[in-house]
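What follows is one structure encoded as structure tokens, with my remarks underneath.
Laboratory data are not the source of any read-out in this text; all were calculated from the coordinates shown. Small disclaimer: the values here were computed from a predicted structure and weren't measured. In this analysis, Cβ positions are derived from the backbone assuming ideal geometry, glycine residues included, and neighbour counts consider all displayed protein chains.
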Amino acid sequence: MISTTIDQEIKQAMLAKDQARLRGLRAIKAALLLAKTEKGHAEEISEDAEMKILQKLVKQRKESATIYKEQGREDLYTVEQEEIDVISQFLPKQLAQADIEKTIARIISESGATSIKEMGKVMGLANKELAGKADGKLIGEIVKTQLG
């Protein structure tokens, strides 16, 4: 479970007085605690659910970083990038685009999809297989390109 690792990492970051790392770690801890306390969840959340939470945190920060960059707010952009770097360390390594394209091509041939109308079916299979290893937006673009 990531929770115990995060607690240890927070202690180390506090001792090292690493504010950037501490911010990212605390964001992860807060998101995990929130997920645990939401209605319908058991005491512990699954590793799969933890990965989805971390991916969501990274996605939110990337969106914010893009906005800050466009507005010329380098100070805020830097903060978001630091947090992205910290959170990303706890996610599985992302696949290269070429590997994602090969996987999607295989999924398309195995599923028998031939047109863009079957994108939903292919996306479902691709998201399931590539969960945590590739950005959903990129998967969608590649599927659209290969089916289109």
Legend entry - Nearest 10 degrees, 0 to 90: helix 119-130 Cα axis against the chain principal axis: 50 degrees
Inset, instruction - Translational diffusion coefficient, Stokes-Einstein: compute it for segment 97-147 using the Kirkwood radius over C-alpha pairs as Rh, at 4 °C and 1.567 mPa s, and state it as an integer in µm² s⁻¹. - result: 124 µm²/s
Inset, instruction - Please determine, in degrees from 0 to 90 and to the nearest 10, the orientation of helix 47-70 with respect to the longest principal axis defined by the Cα atoms of the chain, where the helix direction is its Cα long axis. - result: 80 degrees
Inset, instruction - Among the GluC sites (Glu not before Pro) in segment 33-95, which ones are in a DSSP loop with at most 15 other Cβ atoms within 10 Å of the Cβ? Mind listing them? - result: E38, E43, E44
Inset, instruction - Find the relative contact order for the chain and round it to a whole percent, using C-alpha pairs within less than 8 Å whose residues are 6+ positions apart. - result: 20 percent
Inset, instruction - Name the residue, out of Q71, Q81, Q12, whose mean-square fluctuation peaks in a Gaussian network model built on the chain with Cα pairs under 10 Å. - result: Q71
Inset, instruction - Would you please report the Å³ per residue occupied by the convex hull of the alpha carbon atoms in segment 2-88? - result: 86 Å³
Inset, instruction - Enter the angle in degrees (range 0 to 90, nearest 10) between the Cα long axis of helix 2-16 and the first principal axis of the Cα atoms of the chain, meaning the one along which they spread out most. - result: 40 degrees
Inset, instruction - Within the set of other residues whose C-beta is less than 9 Å from the C-beta of S3, count the net charge using Lys and Arg as +1 and Asp and Glu as -1. - result: -1
Legend entry - Per principal axis, descending, Cα span of the chain in whole Å: 56, 43, 27
Legend entry - Segment E110-Q71, length gained on full extension (0.36 nm per residue, minus Cα span): 9.5 nm
Legend entry - Computed P(r) (all Cα pairs; segment 42-106; 10 Å bins; percent): 19, 34, 33, 13, 1
Legend entry - Spin-label model distance (nm) - E38 vs K52, 7 Å beyond Cα toward Cβ: 0.7 nm
